[in-house]
Amino acid sequence: MNLYLRYFDNETLVNNVDDAINFLSSIPEINMNADLENDVREYANSDVFYPKRYKIRPRVYFIIIKTEAQTMLDFKQKKALRTNMTADGNERDMVPPTVARLNEMRPGWYEGSLDFKRVMMVPTTGKYEYRDTHFVATCKANSGIDCYNRIVEHLRERVDGRSQFPSAKGKNFKFRYLGMWK
């Protein structure tokens, strides 16, 4: 596992923690101390693969990214992307999430449910407020995204124009394929 480090225009790709610490020590703005050195070593030895950023002063950071890229060019061209692995080292079977199924062309009946913010007038005050509204519809569609578009188009004609609809990729839209139409 290699480490990519960047501080403004200074960047490097190293294959061990000692080289990373030497790089950071060579930058005058970064005050390398024992705590920072231990933290960098802990990050490098951990199973965490998220990028890590370290604060130098307000709104100024340096970052460290773990990568399998062997050269800076490979890293920049994203040729060494990590695959999802299980604890025993086997590749995890990728179950397509709802987002991946959105564009899958499969004509038929769909049941779509949408949670959105509907603008409604409060009769006692005459003012408007947002209310969480759950809407379920069954419609003919060619894909999950087509189902979403049909539901939102239907609602836009019937609710206040200030109502807010969620993204089709978010958790507030769900769809289910019911079967082929006749």
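The values are calculated or read from the model by the stated rules, or taken from the named source; none is laboratory data. Every value quoted in this text rests on a predicted model; they were computed, and no experiment measured them. Here Cβ is always computed from backbone atoms with ideal geometry, including for glycine, and neighbour counts include all displayed protein chains. When the accessible area is computed, the model is the full protein with side chains, heavy atoms only, and any ligands, DNA or RNA have been set aside. Shrake-Rupley method; radii C 1.70, N 1.55, O 1.52, S 1.80 Å.
Based on Cα contacts under 8 Å between residues 6+ apart, the chain shows a relative contact order of 18 percent. Relative to the longest principal axis of the Cα atoms of the chain, the long axis of helix 34-45 makes an angle of roughly 60 degrees. Per atom type, the chain shows carbon and sulfur on 48% of its accessible surface, probed at 1.4 Å. Helical content of the chain, expressed as a calculated mean residue ellipticity at 222 nm, amounts to -6500 deg cm²/dmol (DSSP H runs of 4 or more residues, -39,500 (n - 2.57) each, divided by residue number, nearest 500). Here the chain is treated as an ellipsoid with the same Cα gyration tensor; its semi-axes, largest first and in whole Å, are 49, 25, 13. Multiplying the residue separation of GLU104 and ILE27 by 0.36 nm and removing their Cα-Cα distance gives an extension gain of 22.7 nm. Rounded to the nearest 20, the Cβ-based charge dipole of the chain about its Cα centre (Lys and Arg +1, Asp and Glu -1) stands at 1220 debye.
Take the Cα of ARG57, go 7 Å toward its beta carbon, and the backbone nitrogen atoms of segment 1-22 under 20 Å from that spot belong to 6-11.
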